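J.: Dropping a structure here in structure tokens format, bear with me for questions.
Values in this text are rule-based calculations from the coordinates and carry no lab data. This structure is a prediction, so every number in the text was calculated from the model and none was measured. Note that each Cβ is placed from the backbone with ideal geometry, even for glycine, and that neighbours are counted across all protein chains shown.
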Amino acid sequence: MGISSLKGGVGKTSVTLGLASAALSAGTPTLVVDLDPHADASTGLGVALTHPQQEIGRQLKAGRRGDLEANVQPSPWASRSERDAAVLDVAVGGSYGTVYDRPDLRPRDLRRLKQLLDKTSKYDLVLIDCPPSLNGLTRQAWTASHQAVLVAEPSLFSVAGTERTMRAIDMFKNEFTTPLNSTRVVANRFRESSTEQRFRLSEMRRMFSSHLMNPVLPEQPDWQQIQGAAYAVHQWPGEAAKQTAQHFDQLLASLLGTQQKRPRTRGVPAASTTA
Ligand SMILES: Nc1ncnc2c1ncn2[C@@H]1O[C@H](COP(=O)(O)OP(=O)(O)OP(=O)(O)O)[C@@H](O)[C@H]1O
Ligand SMILES: [Mg+2]
């Protein structure tokens, strides 16, 4: 599943991390692909490169010859999990990937990530955290994903940008071969007390109707602290974190419920986050 958005800072990485936390808590073997050269998801999951070849950009370059499973880092979240043999791996992000972030990537290059993922067999879920653009890296995520998750804040620019992203996905689907069969929108950082945000949220419900997911994610006061500590929200103490964890459980269940299962041998249902 690819998690993306045209706009930066709306919560793509946060949603990726929340879904990864929910998947870990549910015992779903999961790979997070950090496609953003900024590598925020890798930081949040507590991993860093131990060898240059692990960087996702280098694996993309290797293409068919690449071996993603041999070049991932296990997240320390998994070792803190109460589950035995929990699997949460990360294909680590980095600046090398920017060579594939051109707007005019050839179809052959668009398939690089898909080729890598098709060779994996360890994971039941792949979450792809995209950079804040609709260039080559995000398009590679769409080429490899069954679902696109768009993250939007209930604000004018974010809602308008999400609408444009949905149109871009439709055009992409017409032009290129992709397993993408659903596009969902997650509303993030909702402040109930703001009249403007309540208005924008109702606008989002009208515009995106069944694409808009439930629940809406509220502004969460200790979110930055949890991410700064590289912790899974399910492993963080307190009532607020517990509620957020439940929201992500519901989002994940809803995403997996609509996801078309791929045969285990061909890899994983993948989702990319875009904003
Ligand atoms: N629901 C929330 N409540 C409070 N803070 C949030 C929430 N969602 C995201 N944030 C904070 O907003 C900031 C931006 O979030 P995040 O990095 O997830 O966005 P992004 O879309 O991945 O950004 P970029 O486009 O730079 O990759 C982070 O500091 C994050 O902790
Ligand atoms: Mg991000």
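J.: Across the stretch 223-232, what is the total count of residues that are under 22 Å from Asp89 (Cβ atoms) and more than 16 Å from ligand 2 (Cβ to nearest atom)?
T.: Final tally of qualifying residues: 3.
J.: Taking the condition without any contact (Cβ under 8 Å) to a residue 24 or more places away in the chain, under 21 Å from Leu88 (Cβ atoms) and of a type outside the set (Phe, Trp, Tyr), does Ala241 pass? Outline the logic, then answer.
T.: Details: without any contact (Cβ under 8 Å) to a residue 24 or more places away in the chain: yes; under 21 Å from Leu88 (Cβ atoms): yes; of a type outside the set (Phe, Trp, Tyr): yes.
Answer is yes for this residue.
J.: Considering only the stretch 150-165, I want to know if a residue exists there that is farther than 23 Å from Gln250 by Cα and either of a type in the set (Asp, Glu) or in contact with a Phe, Trp or Tyr (Cβ under 6 Å, 6 or more places away or on another chain) (or both).
T.: Checking the stretch 150-165: at least one residue is farther than 23 Å from Gln250 by Cα and either of a type in the set (Asp, Glu) or in contact with a Phe, Trp or Tyr (Cβ under 6 Å, 6 or more places away or on another chain) (or both).
J.: Oh, and also: Among the numbered criteria (1) part of a loop (DSSP other than H, G, I, E, B); (2) in contact (Cβ under 8 Å) with a residue 40 or more places away in the chain; (3) over 16 Å from Gly136 (Cα atoms), which one does Val90 miss?
T.: Val90 satisfies all of (1) part of a loop (DSSP other than H, G, I, E, B); (2) in contact (Cβ under 8 Å) with a residue 40 or more places away in the chain; (3) over 16 Å from Gly136 (Cα atoms) except (1).
J.: Looking at (1) touching a Leu at 6+ places or on another chain (Cβ under 8 Å); (2) farther than 23 Å from Lys7 by Cβ; (3) surrounded by fewer than 20 Cβ atoms within 10 Å (Cβ to Cβ), which one does Glu55 not meet, given that it meets all the others?
T.: The one condition Glu55 does not meet is (3).
J.: Val99 passes all but one of (1) over 19 Å from the mean Cα position of the chain (by Cα); (2) in a helix (DSSP H, G or I); (3) crowded, with 19+ Cβ neighbours inside 10 Å; which number fails?
T.: (3)
J.: Sticking with this one: Mind telling me which of the residues Ser79, Ser158, Ser121, Ser133 ends up being of a type in the set (Gly, Ala, Ser), touching a residue at least 60 places away in the same chain (Cβ under 8 Å) and more than 16 Å from ligand 1 (Cβ to nearest atom)?
T.: Ser121
J.: Would you confirm, using the coordinates I've provided, whether Val10 is in a strand (DSSP E or B) and either within 16 Å of ligand 1 (Cβ to nearest atom) or closer than 26 Å to Thr165 by Cα (or both)?
T.: The answer is no for Val10.
J.: Right, here's the next one. What are the residues in the stretch 177-193 that are touching a residue at least 24 places away in the same chain (Cβ under 8 Å) and either within 15 Å of ligand 1 (Cβ to nearest atom) or on the phi > 0 side of the Ramachandran plot (or both), if any?
T.: Val185, Val186, Ala187, Asn188, Arg189, Phe190, Arg191, Glu192
J.: Is one or more of the residues making up the stretch 32-49 within 13 Å of ligand 2 (Cβ to nearest atom), assigned to a helix (DSSP H, G or I) and aliphatic (A, V, I, L, M)?
T.: There is at least one residue in the stretch 32-49 that is within 13 Å of ligand 2 (Cβ to nearest atom), assigned to a helix (DSSP H, G or I) and aliphatic (A, V, I, L, M).
J.: If Gly63 passes every condition in (1) under 20 Å from Asn135 (Cβ atoms); (2) within 16 Å of ligand 2 (Cβ to nearest atom) but one, which one does it miss?
T.: Tallying (1) under 20 Å from Asn135 (Cβ atoms); (2) within 16 Å of ligand 2 (Cβ to nearest atom), Gly63 fails exactly one: (2).
J.: May I pose another question? Kindly list the number of the only condition in (1) within 16 Å of ligand 1 (Cβ to nearest atom); (2) buried (at least 21 other Cβ atoms within 10 Å of the Cβ); (3) of a type outside the set (Gly, Ala, Ser); (4) part of a helix (DSSP H, G or I) that fails for Leu150.
T.: (4)
Each row is one residue, and each column tells you yes or no for (1) among the hydrophobic types (A, V, I, L, M, F, W, C); (2) surrounded by 18 or more Cβ atoms within 10 Å (Cβ to Cβ).
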residue: Phe199; (1), (2): yes, no
residue: Ser209; (1), (2): no, no
residue: Met213; (1), (2): yes, yes
residue: Leu217; (1), (2): yes, yes
residue: Gln224; (1), (2): no, no
residue: Gly228; (1), (2): no, no
residue: Tyr231; (1), (2): no, yes
